[in-house]
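These notes are about the structure you will find just below.
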Amino acid sequence: MTEILTPRLVLRRWLDDDLVPLSEIHADPVVMQGIGDGRPRSPEQTAEDIEAWEEEWDEEGFGMFAVELLGSGELAGAVGLSVAEAPAEVAGQVAISWRLGRVFWGQGYASEAAHATLEFALQDRGLDRVVAVRRTGDSASANVLDKLGMQAESTAQHPVHGYDVVVHGIDLTQYQQ
């Protein structure tokens, strides 16, 4: 089982007990406004997400981690890697993303988890490049991407949902500097 420890977090594969807390995170419209179509997700949709993430782990050797607080064991959200489908500029590339419950915002957890995930991608999984796609105006995600050293490379429009996005990227040589 893949598990990464950071100073305050455990990044791990998904457990059955994670469905309820992740469903609560997915039910928050403020959390979900920058993800997909921006609508909250039902517990059934959340179960489908977890199943798809676990399948990606089995097929690709990477996926979305459950983010657990080291001290309490509380589920804070998800961070990880997936093969991007959109926009076309990054389709087929490996993308990093995250979503944390609102109570966990502003405490550096997203940056801590994303940094560990990026290191996992580039060093453990041997990927040469990782991208990220964020909605234009999402300053919190922009801050995390800056901390990761990921540079804004282009702008695009999401082909399904129509909102503007900024594409960020980093390759192994940039990461090691």
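The values are calculated or read from the model by the stated rules, or taken from the named source; none is laboratory data. These figures come from a predicted structure and were not determined experimentally. Heads up, the Cβs are rebuilt from the backbone with ideal geometry, glycines too, and the neighbour counts pull from every protein chain shown. Surface areas here come from the heavy atoms of the whole protein model, side chains and all, with no ligands, DNA or RNA. Shrake-Rupley method; radii C 1.70, N 1.55, O 1.52, S 1.80 Å.
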Notebook entry, point to check: Can you pull out the residues in the range 19-44 that are modelled with pLDDT of 95 or more and out of contact with any helix residue (DSSP H, G or I) (no Cβ under 7 Å at 6 or more places or on another chain)?
Noted result: Val20, Pro21, Glu24, Ala27, Pro29, Ser42, Glu44
Margin query: I'm told Gln45 meets every condition in (1) surrounded by fewer than 17 Cβ atoms within 10 Å (Cβ to Cβ); (2) touching a residue at least 60 places away in the same chain (Cβ under 8 Å); (3) in contact with a His (Cβ under 8 Å, 6 or more places away or on another chain) except one. Can you identify the failing condition by its number?
Written below: (2)
Check: Glu60 is checked against (1) over 14 Å from the mean Cα position of the chain (by Cα); (2) within 26 Å of Leu127 (Cβ to Cβ); (3) surrounded by 14 or more Cβ atoms within 10 Å (Cβ to Cβ) and fails just one. What number does that condition carry?
Finding: (3)
Next item on the list: Can you tell me which residue within the range 8-42, out of those that are in a helix (DSSP H, G or I) and open to solvent by 70 Å² or more (accessible area, probe 1.4 Å), is nearest to Pro159 (Cα to Cα)?
Entry: Pro29
Notebook entry, point to check: Being under 15 Å from the mean Cα position of the chain (by Cα), closer than 22 Å to Trp57 by Cα, open to solvent by 10 Å² or more (accessible area, probe 1.4 Å) and among the charged types (D, E, K, R), is that true of even one residue in the range 143-166?
Noted result: no
Note to self: Residue under question is Asp58, and the condition is that it be more than 18 Å from Leu118 (Cα to Cα), touching a strand residue (DSSP E or B) at 6+ places or on another chain (Cβ under 8 Å), assigned to a helix (DSSP H, G or I) and acidic (Asp, Glu); does it hold?
What the structure shows: no
Next item on the list: Residue by residue through the range 61-98, note down the ones that are closer than 26 Å to Ala152 by Cα and in a loop (DSSP other than H, G, I, E, B).
Entry: Phe62, Gly63, Ala84, Glu85, Ala86, Pro87, Ala91, Gly92, Gln93
Check: Given the conditions (1) farther than 21 Å from Val103 by Cα; (2) at pLDDT 95 or above; (3) open to solvent by 80 Å² or more (accessible area, probe 1.4 Å); (4) not small (Gly, Ala, Ser), which single one is not true for Leu81?
Finding: (3)
Margin query: So in the range 120-177, with the set limited to residues that are assigned to a helix (DSSP H, G or I) and acidic (Asp, Glu), which one is nearest to Thr6 (Cα to Cα)?
Written below: Asp124
Note to self: Quick check on the range 90-111. Is at least one of its residues under 17 Å from Leu148 (Cβ atoms), in contact with a Lys or Arg (Cβ under 6 Å, 6 or more places away or on another chain) and either basic (Lys, Arg) or free of Cβ contacts under 8 Å to residues at least 40 places away in the same chain (or both)?
What the structure shows: yes
